[in-house]
1. Condition check: touching a residue at least 12 places away in the same chain (Cβ under 8 Å), surrounded by fewer than 18 Cβ atoms within 10 Å (Cβ to Cβ) and within 23 Å of the chain's Cα centre (by Cα). Does Val173 satisfy that?
2. Kindly check whether there is at least one residue in the range 102-116 that is under 21 Å from the mean Cα position of the chain (by Cα) and modelled with pLDDT under 90.
3. Quickly run through the range 88-101 and pick out the residues that are within 16 Å of the chain's Cα centre (by Cα) and open to solvent by less than 30 Å² (accessible area, probe 1.4 Å).
4. Can you name the condition, by its number, that Phe160 falls short on among (1) of a type in the set (Phe, Trp, Tyr); (2) outside any helix (DSSP H, G or I); (3) within 15 Å of Ile90 (Cα to Cα)?
5. Considering each residue of the range 134-189, count those that are within 17 Å of Pro98 (Cα to Cα), out of contact with any Pro (no Cβ under 7 Å at 6 or more places or on another chain) and polar (S, T, N, Q), and give that number.
6. So which residues in the range 62-84 are at pLDDT 80 or above and open to solvent by 20 Å² or more (accessible area, probe 1.4 Å)?
7. Look at Thr146 and say whether it is among the polar types (S, T, N, Q), open to solvent by 70 Å² or more (accessible area, probe 1.4 Å) and at pLDDT below 90.
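The values are calculated or read from the model by the stated rules, or taken from the named source; none is laboratory data. Nothing here was measured: the structure is a model prediction, and the numbers come from that model. Every residue, glycine as well, gets a Cβ built from its backbone with ideal geometry; the counts of neighbours run over all protein chains shown. Just the protein is used for accessible areas: all its heavy atoms, side chains included, with ligands, DNA and RNA removed. Shrake-Rupley method; radii C 1.70, N 1.55, O 1.52, S 1.80 Å.
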Amino acid sequence: MLEEEVALHALELYYYSIPIHLVRRMIQTGLHRMEDLANLSSLVNAIKQWTTIQEYISLTPWYAAQLMAFTQDNSSLIHANPYVLEALSILQKKLDDPHLSTASIAKEIGISQGYLASLFKEETGQSISSYMKKYRLKKAAVDLITTHLPLKQIALKHGFKSQSAFSKFFSEVYGITPLQFRARKSMLPDYPE
């Protein structure tokens, strides 16, 4: 009986490890969508229901099909370039630094700016500066609905060079001005793709 429990525990750990690894990659790369996270969470919850080795054996084809479908829709998670992952890590740590740039990130990683820009665009579908601006914008949007800070202070806090640059970009992405957004006290819009 002890051998069966150990085998069951090993299967459980193995089957959990893949979706958990995918969630980590999604968060690291910033390429996660709530729908994808929910799908992986459902997969993990399904695995939690399996209580016998026979269930693991009989449900393996279903599990494999679920993972295949997910990875085909999110292939960049499987083949992410380590330089891009490092750049994303730096971006998340230093996002509010107004001096953060493709050049400073490339220097910190130890590769050329052009090479990093090319890799990043290939992996994420957008430039580093666009990625930074969109994430800064999302963090600023949170401040708009959760604080009473003036627009200028929010803009500078999140790395925008001026209130007008912040307002212009906010309007381009969300279709309303920051003040209109704040006045609505609406739910935070989805991360702009």
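1. Values: touching a residue at least 12 places away in the same chain (Cβ under 8 Å): yes; surrounded by fewer than 18 Cβ atoms within 10 Å (Cβ to Cβ): yes; within 23 Å of the chain's Cα centre (by Cα): yes.
Criteria met by Val173.
2. Step one: of the range 102-116, the residues under 21 Å from the mean Cα position of the chain (by Cα) are 102, 105-106, 109, 116.
Cutting the leftovers down to modelled with pLDDT under 90 gives us none.
Within the range 102-116 (the criterion being under 21 Å from the mean Cα position of the chain (by Cα) and modelled with pLDDT under 90), the answer is no, since none of the residues qualifies.
3. Initially, the range 88-101 is screened for residues within 16 Å of the chain's Cα centre (by Cα), giving 88-95.
Correct list: Leu88, Ile90, Leu91, Leu95.
4. (3)
5. Summing the residues that are within 17 Å of Pro98 (Cα to Cα), out of contact with any Pro (no Cβ under 7 Å at 6 or more places or on another chain) and polar (S, T, N, Q) in the range 134-189 gives 4.
6. Start the filter on the range 62-84 by keeping residues that are at pLDDT 80 or above, which leaves 62-66, 82-84.
The answer is Trp62, Ala64, Ala65, Gln66, Pro82, Tyr83.
7. Values: among the polar types (S, T, N, Q): yes; open to solvent by 70 Å² or more (accessible area, probe 1.4 Å): yes; at pLDDT below 90: yes.
Yes, satisfied.
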